[in-house]
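Working notes for the structure below.
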Amino acid sequence: MKEEIKEIGDSVVCDFCDADYSKRDDSGGLLFQSKAACPVCAPGILKSAKQYGEERFIRSYCPEGKSFREFVLGLRNGNNAVRTITFDSIEECNDFLLKRER
């Protein structure tokens with residue numbers, strides 16, 4: 001197993017369209033499961049969630065008057081690292097997942 005940790009600082013990118021909001025003050029967006037949807041993508045995500053009965057997966061909405069960037073940084077609560085884990089085999093992956101569930 002190989003784990004890479006990359007510190008991304010105050011970078012904020014939409015998890016759906018990859019638009020960079022690091023230096024933008026656009027307001028809006030939402031958190032769908034663990035993915036942040038920007039103000040442009042959020043209406044489509046919300047529409048699909050309603051269509052498929054998945055509203056329960058919307059964990060929070062960006063408060064009015066708050067930028068998407070501030071919203072995402074607040075969700076991170078100071079944890080600005082991205083972790084990538086690579087396994088040598090499916091068995092190694094399964095063992096890792098089973099240990100996390102305990």
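Where a number appears in this text, it was derived from the coordinates with a stated rule and is not lab data. No experiment lies behind these values; they were computed from the predicted model shown. No Cβ is skipped: glycine too gets one built from the backbone with ideal geometry, and neighbour counts run over all protein chains shown.
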*Do we have L75 as under 30 Å from C93 (Cα atoms), in contact with a Leu (Cβ under 8 Å, 6 or more places away or on another chain) and not in a strand (DSSP E or B) here?*
yes
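What are the residues in region 49-63 that are hydroxyl-bearing (S, T, Y) and within 16 Å of the chain's Cα centre (by Cα), if any? Explain how you work it out, then say what you get.
Step one: of region 49-63, the residues hydroxyl-bearing (S, T, Y) are 52, 60-61.
Once the filter is applied, which keeps residues that are hydroxyl-bearing (S, T, Y) and within 16 Å of the chain's Cα centre (by Cα), region 49-63 yields S60, Y61.
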*Hey, could you check region 64-91 for residues that are surrounded by 10 or more Cβ atoms within 10 Å (Cβ to Cβ) and more than 25 Å from K23 (Cβ to Cβ) and say which is farthest from the chain's Cα centre (by Cα)?*
F87
_Top-ranked residue of region 1-33 - restricted to ones that are polar (S, T, N, Q) and more than 30 Å from I90 (Cβ to Cβ), ranked as farthest from the chain's Cα centre (by Cα)_ = S27
*List the pairs whose first member sits in region 33-60 and is farther than 15 Å from D20 by Cα and in contact (Cβ under 8 Å) with a residue 12 or more places away in the chain, whose second member is among the charged types (D, E, K, R) and assigned to a helix (DSSP H, G or I), and whose Cβ atoms are under 7 Å apart, counting only residues at least 6 apart or on separate chains?*
A49/E55
